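Laboratory data are not the source of any read-out in this text; all were calculated from the coordinates shown. Bear in mind that the values here come from a model prediction, so they are computed numbers and not experimental data. As a convention, Cβ positions derive from the backbone with ideal geometry for all residues, glycine included, and neighbour counts pool all protein chains shown.
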Amino acid sequence: MMFEFATSNRIIFGNGALKRIQEIAPEFGKTPLIVGGCGSVPMDGLLASLDGSRIKYEIFRIEKEPCVRKIQAGLKLAQSAQCDFVIAYGGGSVIDAGKAIAALMTNPGDLMDYLEVIGRGQKIPNQAAPMIALPTTAGTGAEVTRNAVISSPEHHVKVSMRSPKMIPTVAIVDPELTLTMPPSVTASTGMDALTQVIEAYTSRKANPITDVIAREGIIRGARSLLTAYQHGEDLEAREDMALTSLFGGLALANGGLGAVHGFAGPIGGMFNAPHGEVCASLLPFVIKANVETIAQMDNMDVLMGRYQEIARILTGNPDASIHNGVVWVSELATKLNIPGLHEMGIKKEDFPKIIEKSHASSSMKKNPVTLDEASLEAILEAAY
C-alpha cells in the first residue's frame, strides 16, 4: 500500500476562530487581497480584525462561481495593488477563486496554462502565494483542498486548476460564520458535504487516513444536516456540519470522490444548477448503481461492507440494509426540498452530452467501480 496525505500547514477550528486572523495575517505580509462574495455574508468582523492589525488590504468580489475572466481580473488587481498574500472569505467558489489567484501570483504564464481539459494542464512549478481560507458555508471543504474549480461559459464546462502547491496555508473554520446561511443554502451545501464524505469513503483511492476522516464526517453529517436546515441557530448542528465539510475536503483531496461528482461537474458547467442540489439528486441512485454493479463482481465483500456500514450510520439502525440507506438519502433530499434534475432546466436529450463529458472527470475515474453507459443513463433517468 502506498498513499499520500497533504493538507494546510495549519487548521484552526472553533467558534470565534475568526478573531485569530488578527495575529495570523501579519505573518504573511502587509497587503492581502481579500477575495469575498457579493455581500450575503458580512465582512465587518474580518475587516475590524484586520484594521486592528494595521494591515492594508484590497477587496475583490466574486459573483456566483468564478470564471476564467474573473480570475484574470482578480490577478490584475492583486498585481496592481502589490498584494503579497490572499485572504479568501466566503463559500467554496470564493475560496477556489482565492486559490487560483494565489497560484497565479507566483507562477509564470496565465490561467489557461494550468487549467485541465480546456487548457494546457501544465504542472504548477512554484508554491502559491500564502493564503488564509475562511469558509462561511459548510459544503465543499475548499479550505483544505488542492484544486480550484473554474467555470468556462464559452466551453459550457467547469474545470480545475490542481496542485498540492495550491492548498491554503492556513484554514480558519469558524462555525459561527455559517449561522447566516439561509435554509436553502444550508441544504445545498450540506448535501454536498455529506456526499463528499460518502464518496471519499468508497473511492478507489481511499486510504486508511481518509477512511477515518470520512467515516467521522458521515456520522456528523447524518445526525446534524436536517437539524441545521430546520433550526439554523443550532450551533452544535452548525459545528457538526462545519466539521463534515472540513472532513470532506481533507478526504477528497487525498482520496478522491466518485460518480456523483463525476456528473456534477459537467452538469454545473452546462446548467445554472446549484452544485449541492445536483449531488443530492444523484446520490441515492449512484449508490444503487454502484451496489448493483458490485453484486455482479467477485471478491468485493470489503466494498459492499462499506456501503452496508454507511447505511447503518445514516439510518442509526445497526440492522439497516443498503436499500434502507438509499431510501434514507432520498427521504432526506425530500425533507430538504431538493429538486429533481428536471427542475434544474435539464432535459432528457441532454443526457448523452452529460455522460460524454462525465467520462473526462477525475471523480468518475475514482468511482469504486466502472459504470457502463446503461447504468449512467439509468442514474440520470432516476434522478430526473
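Under the convention that each Lys and Arg Cβ holds +1 and each Asp and Glu Cβ holds -1, the size of the dipole of the chain around its Cα centre is about 960 debye. Amide H contacts of V86 (H built 1.01 Å from N, in plane; Pro and chain starts excluded): L33, M131, I132 sit under 5 Å, all sequence-distant by 5 or more or on other chains.
Arrange the following residues from fewest to most other Cβ atoms within 10 Å of their Cβ: S49, S281.
Fewest-to-most ranking of S49, S281: S49, S281.
Exposure proxy shown here: for V197, V144, the number of other Cβ atoms within 10 Å sets the order, fewest to most, as V144, V197. Couplings 3J(HN,Hα) for the stretch 10-19, derived from phi with the Karplus relation 6.51 cos²θ - 1.76 cosθ + 1.60 (θ = phi - 60°), are 9, 10, 10, 10, x, 5, x, 5, 3, 4 Hz, where x marks Gly and Pro. Considering only P318, P42, P153, the mean-square fluctuation computed in a Gaussian network model of the chain, springs between alpha carbons under 10 angstrom, is largest for P318. Its relative contact order, with pairs defined as Cα atoms under 8 Å and 6+ residues apart, puts the stretch 268-384 at 36 percent. For F60, nonlocal amide neighbours, meaning residues 5 or more places apart or on other chains whose placed amide H falls under 5 Å from its own, are I34, V35, G36. Computed from backbone phi with θ = phi - 60° and the Karplus coefficients 6.51, -1.76 and 1.60, the 3J(HN,Hα) list for the stretch 339-351 is x, x, 4, 5, 7, 9, x, 8, 10, 4, 5, 7, 4 Hz; x is used for glycine and proline.
Going from the fewest other Cβ atoms within 10 Å to the most, the residues S361, S53 appear in the order S53, S361. Dividing the mean sequence gap of close Cα pairs (under 8 Å, 6+ apart) by how many residues the chain holds gives a relative contact order of 15 percent.
Look at the dipole of the stretch 183-383 built from charges on Cβ: of N337, A214, I294, the Cα furthest out on the positive end belongs to A214. Positive-end ranking of G249, C67, G52 along the dipole of the chain, with charges on Cβ about the Cα centre, is headed by G52.
Annotation for the stretch 106-161 versus the stretch 293-370: alpha-carbon center distance of 27 Å. Of L282, L341, L246, the residue with the greatest mean-square motion in the GNM of the chain, using alpha carbon springs below 10 Å, is L341. Of all DSSP beta bridges confined to the chain, the antiparallel ones make up roughly 25%.
For the stretch 1-37, which chymotrypsin sites (Phe, Trp or Tyr not before Pro) are in a loop by DSSP, counting at most 12 other Cβ atoms within 10 Å?
Hits after loop and neighbour filter: F3.
For C67, the amide hydrogen comes within under 5 Å of the amide hydrogens of S151, counting only partners 5 or more places away or on other chains and with H modelled in the peptide plane.
The residues packed around E233, meaning those with a beta-carbon under 15 Å from its beta-carbon, carry a net charge of -4 if Lys and Arg are +1 and Asp and Glu are -1.
Classify the stretch 183-338 from the C-alpha gyration tensor, please: rounded if a/c falls under 1.5, else prolate or oblate depending on whether a/b exceeds b/c. Verdict is rounded for the stretch 183-338. With θ taken as phi - 60° and the Karplus curve 6.51 cos²θ - 1.76 cosθ + 1.60 applied, the whole-hertz 3J(HN,Hα) list for the stretch 224-232 is 10, 4, 5, 5, 4, 5, 7, 9, x Hz, x standing for glycine and proline. Spatially, the stretch 169-224 and the stretch 77-100 are offset by 23 Å when compared through their Cα centroids.
The angle between the Cα long axis of helix 92-105 and the longest principal axis of the Cα atoms of the chain comes to about 50 degrees, rounded to the nearest 10. Largest GNM mean-square fluctuation among V94, V41, V149, using the chain with Cα springs under 10 Å: V41. Cross-link pairs exceeding 30 Å in C-alpha to C-alpha distance, out of K56/K123; K70/K348; K64/K165; K64/K123, comprise K56/K123; K70/K348.
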